[in-house]
1. Short version: ³J(HN,Hα) in whole Hz for each residue of the range 96-105, in order, from phi by Karplus 6.51 cos²θ - 1.76 cosθ + 1.60 (θ = phi - 60°), x for Gly and Pro, what are they?
2. To two decimal places, what compactness ratio does the range 200-263 give when its Cα radius of gyration is scaled by 2.2 N^0.38 Å?
3. Could you work out the relative contact order of the chain? I mean the mean sequence separation of Cα pairs under 8 Å and 6+ apart, divided by the number of residues, in percent.
4. Just tell me which aspartates and glutamates come within less than 18 Å, Cα to Cα, of K269; anything on the same chain fewer than 8 places away is out.
5. Name the residues whose placed amide hydrogens come within less than 5 Å of the amide hydrogen of I70, ignoring near sequence neighbours (fewer than 5 apart) on the same chain.
6. Can you list residues whose amide H is under 5 Å from N4's amide H, if they're 5+ apart or on another chain and H is modeled 1.01 Å from N?
7. Which net charge results for the neighbourhood of C73, defined as the other residues with beta-carbon distances under 10 angstrom from its beta-carbon, given Lys and Arg at +1 and Asp and Glu at -1?
8. Note down the nm distance, to one decimal, between modelled labels 7 Å out along Cα→Cβ at H267 and at D176.
Amino acid sequence: MNKNPIGIFDSGYGGLTVLKEIVKQLPQYDYIYLGDNARSPYGTRSFETIYEYTLECVKQLFDKGCPLVILACNTASAKALRNIQQKDLIKIAPNKRVLGVIRPTTELVGKLTKTGHIGVLGTSGTVSSNSYPIEIAKFFPDVKVFQEACPMWVPLVENNEFNSIGADYFIKQNIDHLFSQSNKIDTIILGCTHYPLLIEKIKKHLPPNINLISQGEIVSGKLSEYLTRHPEIEQQCSKGNNIEFFTTDSAENFDAAASIFYGEAVHSKHLSL
Ligand code: DGL
């Protein structure tokens with residue numbers, strides 16, 4: 001049987017925060033990371049565009065042999081995953097699988113809240129999809145979910161402004177809006193893979209004793225469980241401790257910024273779509 005790397009996809013750099021945790025937990029596998037930097041951010045784009053771009057990138061990872069692709073992007077998971085799983089896979093790659101980051105988070109989050117009020121911070125695309133409230137209701141029907149779209153946060157991160165006074169301004173504004181919907185929120189999901197870079201600033205503007213959920217560890221734990229439950233997929237994943245990075249934009253620019261997200265130097269190659 002042919003064995004190939006696991007594909008990890010994000011609109012740009014954010015998925016590197018997820019890849020970092022996956023590699024920590026599952027270092028034995030090979031990975032191919034693809035960032036669609038040439039067309040990011042996805043968060044403010046239409047459903048049709050996000051679906052089209054995501055599907056194109058998933059196909060690229062399939063062409064590279066990946067038997068399993070993780071959409072390490074909430075926006076793509078919210079807007080494209082269901083269509084890809086239900087309509088496209090059967091036509092393009094019936095034996096391959098695509099998973100997202102929203103389901104693993106929602107399966108867990110209801111166990112962490114005491115007040116039953118959960119906040120979700122995400123891109124406009126993720127929030128308008130209502131994916132988090134819909135998915136959380138399946139597992140925890142009594143939990144109330146309050147959402148806030150933070151359209152400025154990804155540009156702040158992508159433009160290396162995450163430590164600036166400007167970042168404080170927008171983060172405080174969005175957190176205040178979230179808590180104006182409910183002052184009982186005790187658990188907040190960082191529903192965008194870029195946001196872990198803003199975590200210190202977010203904590204600074206939160207009330208005390210809030211559970212702040214980053215997805216990296218949750219997604220890597222759930223991936224590990226998935227591979228155990230699905231030996232037919234696991235057996236197609238190669239194990240050579242190797243990671244390749246691809247970006248649809250300039251590899252030089254990607255490498256310069258990626259280490260902030262990944263925590264170590266990254267050497268990428270350009271991929272033309
Ligand atoms: N990192 C992506 C997410 O998790 C969003 C970035 C973007 O808007 O492209 O939603």
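1. 9, 9, 10, 10, x, 10, 7, 4, x, 6
2. 1.63
3. For the chain, the relative contact order is 28 percent.
4. Here the aspartates and glutamates satisfying the reach criterion relative to K269 are D10, D30, D36, E56, D63, E244, D249, E252, D255.
5. Correct list: G7, I8, F9, L99.
6. Here the answer is C237, S238, since their amide H atoms fall under 5 Å of that of N4.
7. For residues surrounding C73, the net value is -1.
8. Distance between the two pseudo-spin positions: 4.8 nm.
The values are calculated or read from the model by the stated rules, or taken from the named source; none is laboratory data. Nothing here was measured: the structure is a model prediction, and the numbers come from that model. Note that each Cβ is placed from the backbone with ideal geometry, even for glycine, and that neighbours are counted across all protein chains shown. In case anyone asks, the SASA skips ligands and DNA or RNA and just uses the protein heavy atoms, side chains included. Shrake-Rupley method; radii C 1.70, N 1.55, O 1.52, S 1.80 Å.
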